[in-house]
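The values are calculated or read from the model by the stated rules, or taken from the named source; none is laboratory data. Model, not experiment: these values are computed from the prediction. Here the Cβ positions follow ideal geometry from the backbone for every residue, glycine too, while neighbour counts run over all protein chains shown. Keep in mind that these areas ignore ligands, DNA and RNA; they rest on the heavy atoms of the full protein, side chains included. Shrake-Rupley method; radii C 1.70, N 1.55, O 1.52, S 1.80 Å.
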Amino acid sequence: MAGIDFDRQAFAPAADQTPQNLSRILIFVGLVVVVGLIGLIGYKLYSGFAVGAASADSQGIEQMQQQLTEMKARIDQLEKRRKVAVSEPVASPKIPASPIVEPVVPKRTGYRVSSASVLQAQRTPVSSAISVAAPAPQASGASSAINAVNEAVVANHEAWQATTDRLADVVGVVGSQQSELSRTRDDVNKLLAQTRRTAMQFELRRGASREPVGPVSLLLRSSDPKNQRYTVCVYLADQCVELKNRAVDEVVVFVLSDNSAPLELVATKVLRDQIVGYLEVPTSKPTP
């Protein structure tokens, strides 16, 4: 049968295809391993770069801190020097009382020449001229010092005089205040004497005779328990002062004379034909 074609691969055994599948699997595994190695290498490189950058940053920070520390130390040294320079008093130029150090000038001999003279010229040493001319600043310095001392004495005397005047004024003010305090104390004592009182109870009945209460005598004229009103006659010696139509708990103030302390009468209960109350009399001796 020459005209019939057969597919020989269809009749080939399956064992021929197994090596091809195995090779594909190996290739795939190799690719995965290569990719993993590349990733591992990249991670190592990245981590090494990060560590190097961090170490470089830490080194830079340490250098900056060291530089700041040195700058601070220098600033502290400059500040100490400035304080020392300010604390040391600046020596002001003073005119010496007497020339201590004479200027070093070579001694030169001066000659005075005259045309028709045969005498030798007189010598005038420069040092003697300098020593004679030196006392001028000494005298001016001494006079200025004396003037300064005199001005200081005058200023101190004026300050002392002003202080004395102030002390005199203060003494006068204190004396006037002390006298005012004495007068105020007397007034307060008088007021306290007036405020110290003794309450003397009384009970008055209508139609009864006069009842002595303290320095006065009281007599009930009428009582109105409905309206809580009453009328009392206060006898000063034989003279009656009528307290008419007074209410219960009302403080009735009256005086015996112009210079005497006021008395206070208070009725605390108004009954039929009877009242009960008290009379406040100033205490003659203050209680301790």
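Figures for the structure shown
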{"quantity": "Pairs with Cβ under 9 Å, 6+ apart, first in region 236-262 and under 18 Å from Glu211 (Cα atoms), second surrounded by fewer than 12 Cβ atoms within 10 Å (Cβ to Cβ) and of a type outside the set (Lys, Arg)", "calculated": "Leu236/Ser257"}
{"quantity": "Qualifying residue in region 252-260 (condition: among the charged types (D, E, K, R) and surrounded by 10 or more Cβ atoms within 10 Å (Cβ to Cβ))", "calculated": "no"}
{"quantity": "Lone unmet requirement of (1) within 30 Å of Ser143 (Cα to Cα); (2) charged (D, E, K, R); (3) modelled with pLDDT under 55 for Glu88", "calculated": "(3)"}
{"quantity": "Positions within region 200-227 being open to solvent by 90 Å² or more (accessible area, probe 1.4 Å) and part of a loop (DSSP other than H, G, I, E, B), in sequence order", "calculated": "Arg206, Ser209, Arg210, Lys226, Asn227"}
{"quantity": "Leading residue by the ranking (modelled with the lowest pLDDT) among those in region 1-46 that are part of a helix (DSSP H, G or I) and polar (S, T, N, Q)", "calculated": "Thr18"}
